[in-house]
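Q: One structure, pasted below without further comment.
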Amino acid sequence: MRLPFFSMFITSPFDGIQEHAEKVKECAWAFQQAMECHVSKRCKTFEEFRQEVDTLESQADAIKRRIRGHLPKGTMMPVDKFQLFRYLREQDHVLDSMEDVLDWLSYRPEPGIREELEKDFFLLVDAVVSPVEEMVKMVIEAREYFKNFSEKQRNLVKDIIRELRNYEHEADKLEDNIKQKVFNMEINPVTVFHTIRLAEFIGSIADHVENAGDMMRAMLSK
């Protein structure tokens, strides 16, 4: 029978994991606003939101370094230290992917997406932002589980992980739909390439959220 080892210490590494996850959630909000600005051309603050994402990414990196640097050697934990770090890396990739999307958009001087694709991109962005919020809930519930090892709490976390997979599947379908539409449009090759890669970059956000869920599932199984 596993014991609540974390109760032996003042702080748990999951405190920092949750703080990092909350920062990723903040970034998701700024990312969504930046995308709405760019896709619809309804505002001129894309660069401001992009800079906000960069700032939040730097803050998240500082949290990540603190977690890695302040875990005492020999600390007794109910999960493998390297599993914890792999989870943190995947959670961090969620934020990195948002930054990659906005960087990719910034390479073209003119904002906007073809009007017939606007709705599709809005749906895709919503589909990758929603699981980020669920990921934060997963971390909060997992933090509680690793304090008390309640089977009910464990099942709650597993339910959220299944939801993350459903979100990723939905995002994949939306991404594929955009690609199919783009390849059937009479547009120049550069725009085709840029739009396809944009859809892939956005879709990768949901991929990394799902991967984080898989990493969490592995920690639960120990």
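Q: When you look at Leu174, is it closer than 12 Å to Pro131 by Cβ, among the hydrophobic types (A, V, I, L, M, F, W, C) and out of contact with any His (no Cβ under 9 Å at 6 or more places or on another chain), yes or no?
A: It is false that Leu174 is closer than 12 Å to Pro131 by Cβ, among the hydrophobic types (A, V, I, L, M, F, W, C) and out of contact with any His (no Cβ under 9 Å at 6 or more places or on another chain).
Q: Okay, moving on. Being at pLDDT 75 or above and of a type in the set (Lys, Arg) is the filter; apply it to region 2-27 and report the residue that is nearest to Phe82 (Cα to Cα). If you could, list the steps in order and put the result at the bottom.
A: Going through region 2-27, the residues at pLDDT 75 or above turn out to be 13-27.
If we keep only those that are of a type in the set (Lys, Arg) too, we end up with 23, 25.
On the way: Lys23: 22, Lys25: 24 Å.
Ranking the qualifying residues of region 2-27, first place goes to Lys23.
Q: Hey, among Gln59, Gln83, Gln51, Gln91, which residue is closer than 20 Å to Ala28 by Cβ and in contact (Cβ under 8 Å) with a residue 60 or more places away in the chain?
A: Gln91
Q: Take the conditions part of a helix (DSSP H, G or I) and surrounded by fewer than 16 Cβ atoms within 10 Å (Cβ to Cβ) and apply them to Asp120. Does it pass?
A: No; evaluated as a whole, the condition is false for this residue.
Q: Out of all the residues in region 158-180, which are touching a Lys or Arg at 6+ places or on another chain (Cβ under 9 Å) and either basic (Lys, Arg) or under 22 Å from Leu102 (Cβ atoms) (or both)?
A: Passing the criteria: only Lys158.
Q: Does region 183-206 hold any residues that are under 16 Å from Leu123 (Cα atoms) and either not in a helix (DSSP H, G or I) or not aromatic (Phe, Trp, Tyr) (or both), and which are they?
A: Hits for region 183-206 are Thr195, Ile196, Leu198, Ala199, Glu200, Ile202, Gly203, Ser204, Ile205, Ala206.
Q: List every residue pair whose Cβ atoms lie under 6 Å apart, where the two residues are 6 or more positions apart in sequence or sit on different chains, the first residue falls within region 144-170 and is under 12 Å from Met216 (Cβ atoms), and the second residue, located anywhere, is buried (at least 18 other Cβ atoms within 10 Å of the Cβ) and among the β-branched types (Val, Ile, Thr).
A: The qualifying pairs are Tyr145/Val157; Leu164/Val209.
The values are calculated or read from the model by the stated rules, or taken from the named source; none is laboratory data. Just so you know, these numbers come straight off a predicted model, no measurement behind them. Neighbour counts are summed over all protein chains in view; Cβ atoms, including those assigned to glycine, are modelled from backbone coordinates with ideal geometry.
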